[in-house]
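For reference, the structure is listed below as structure tokens.
Every number in this text was worked out from the coordinates using simple rules, so none of it is lab data. Every value quoted in this text rests on a predicted model; they were computed, and no experiment measured them. Ideal geometry is used to build each Cβ from the backbone, glycine not excepted, and the neighbour counts take in all protein chains shown.
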């Protein structure tokens, strides 16, 4: 693909309206996720307001820039605004398209792995465990749900806003700023909170019947054999991690079949 | 249970999981409770949501991996449970609904895979269109999101319908007392909750925080 040099007058910073439009569109960056370009098309979709403003009156350049930005790209969706902000700034500065492409290729791996660790394996399970602990403590039905949505989205929206600003300010130096940011320590704190909440929940789950919804069953003491079995299962879970998910699912199915067969053969 | 609200809500849940806006109404905890609320039984929805959330914690949507879709399955299973157990708690059906949700989330995962293949066809070749390239890309991107909404609606509604049929068939044929299925669910939840520690570095890295949590958990139990 031939890459032309920019032919239009440049402004140093995208307008406030364009920046807001790009940010709002970043929420839909995974809308056309596919195995060929991953979130590439979504990246171009989010960047369109800026590209339209930048190449107004030059359809050839607009087509070329949209094609370039719709190529393969990947990132964690909440950290994608880092790349969007930085690319918006680079495009506004009239940076060489090859430099912009190289920048995108350089950041996509780290934005993906950093976000996965911070959000999918940090913020989200911590907020969910917190909400589960509140549910196990017998709170009314709406409290755990509202708590989860509020705590999670406070972190989510902060992360998106912060990362977009970082991208706009940092431009192509954003990698270094990311490395020095609070994300690393935050991830460490989240894992400590997560381990604590996992430990907190286990006795409540093992004791059984702690949920308010179990109603009359919650009043009955759990037979000792089930408590021992649950404690052993928790230890197996700690030992084998996510590998226990499939056997547990199969055991549930087997038990459902057993319960039915007992009646059939009775 | 009326399938129309289940489908409409299922579409929102399916869309939120990845496409837009990822505010996590697609988590089983939220998806199941809201489904319960739509049927006037939010507490039953929460109960199923809590169990399914524990299972969903172990699934990480990392990279291009194929993973089960917990949100639409939670909507389907809750809809099915509420249709089959019209009054109060039925421990056997709760267990069966959990097993159904864990099976149906694989169907949901497969539908996401198919949708992504469709998106591939949708977004390739957009630049060859005669329309303005920016408008064409926008149109195709929004079409993919609309398809994702419809996918979520179909997966949730069909799951609720099939699940309700299966649970209604099962209900009169179940022959164990109420304690056993609750016991099995408690054992299963304990296993998957224990496994969650792996997300945070496992026993090797986080045993102090984990043990402190257990201590606080026991203290809470004693204070109840």
Item to check | log10 of Debye I(q)/I(0), alpha-carbon scatterers only, for the protein assembly as shown at 0.09, 0.10 Å⁻¹ | outcome: -0.63, -0.76
Item to check | Exercise: per-residue mean of other protein chain Cβ atoms within 10 Å, B:13-24 | outcome: 5
Checklist entry - Okay, helix-only estimate at 222 nm for chain B: each DSSP H run of n ≥ 4 adds -39500 (n - 2.57), divide by all residues, round to 500 deg cm²/dmol; what do you get? => result -26000 deg cm²/dmol
Checklist entry - Of the residues A:26, A:92, A:113, which exhibits the maximal mean-square fluctuation in a Gaussian network model of chain A defined by a 10 Å Cα contact cut-off? => result A:113
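Enter the mean number of other protein chain beta carbons within 10 Å of the beta carbon of each residue in A:174-182, as an integer.
Mean partner shielding for this stretch: 0.
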Item to check | Whole-number Å³ per residue for the convex hull built on Cα positions in the range A:16-191 | outcome: 120 Å³
Item to check | Gyration tensor (alpha-carbon) shape descriptor, the range B:105-195, a/c threshold 1.5 | outcome: prolate
Checklist entry - For A:142-154, what's the mean count of beta carbons from other chains sitting within 10 Å of each residue's beta carbon? => result 4
Checklist outcome for this item: Rounded to the nearest 10, the angle in degrees between the Cα long axis of helix B:70-84 and the longest principal axis of the Cα atoms of chain B comes to 60 degrees
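Of all the Cα-Cα pairs you can form in the range B:178-224, what percent are over 18 Å apart?
I get 47 percent for the Cα pairs in the range B:178-224 exceeding 18 Å.
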Next on the checklist: For a protection proxy built on the mean count of beta-carbon atoms within 10 angstrom, sort A:130-143, A:175-188, B:18-31 highest first, please.
Outcome noted: B:18-31, A:130-143, A:175-188
Item to check | Degrees separating the helix B:3-18 axis from the principal Cα axis of chain B, which is the longest one | outcome: 80 degrees
Checklist entry - Spin-label point model (7 Å from Cα, Cβ direction): what's the residue A:243 to residue B:8 distance in nm? => result 4.7 nm
Checklist entry - Hey, rough spin-label estimate for residue B:106 and residue B:171, points 7 angstrom out along Cα→Cβ, what's it come to in nanometres? => result 2.7 nm
Item to check | Estimated inter-spin distance, residue B:135 and residue A:254, nm [label 7 Å along Cα→Cβ] | outcome: 6.1 nm
Next on the checklist: Taking R0 as 30 Å, what FRET efficiency do you get between residue A:224 and residue B:207 from their Cβ-Cβ distance, rounded to the nearest 0.05?
Outcome noted: 0.65
Item to check | Computed FRET value (nearest 0.05) for residue B:215 with residue A:180, which takes r as the C-beta separation and R₀ as 35 Å | outcome: 0.45
Item to check | For chain B: Kirkwood Rh in Å [reciprocal of mean 1/r, alpha carbons] | outcome: 18.9 Å
Checklist outcome for this item: Helix A:16-25: inclination vs chain A longest Cα principal axis, degrees, rounded to 10, gives 40 degrees
Item to check | Protection-proxy order for peptides B:164-170, B:95-101, each taking the mean of Cβ atoms within 10 Å per residue, highest first | outcome: B:95-101, B:164-170
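Could you sort B:71-82, A:76-87 so that the peptide with the highest average Cβ count within 10 Å comes first and the rest follow in order?
The densest-packed peptide leads the list: B:71-82, A:76-87.
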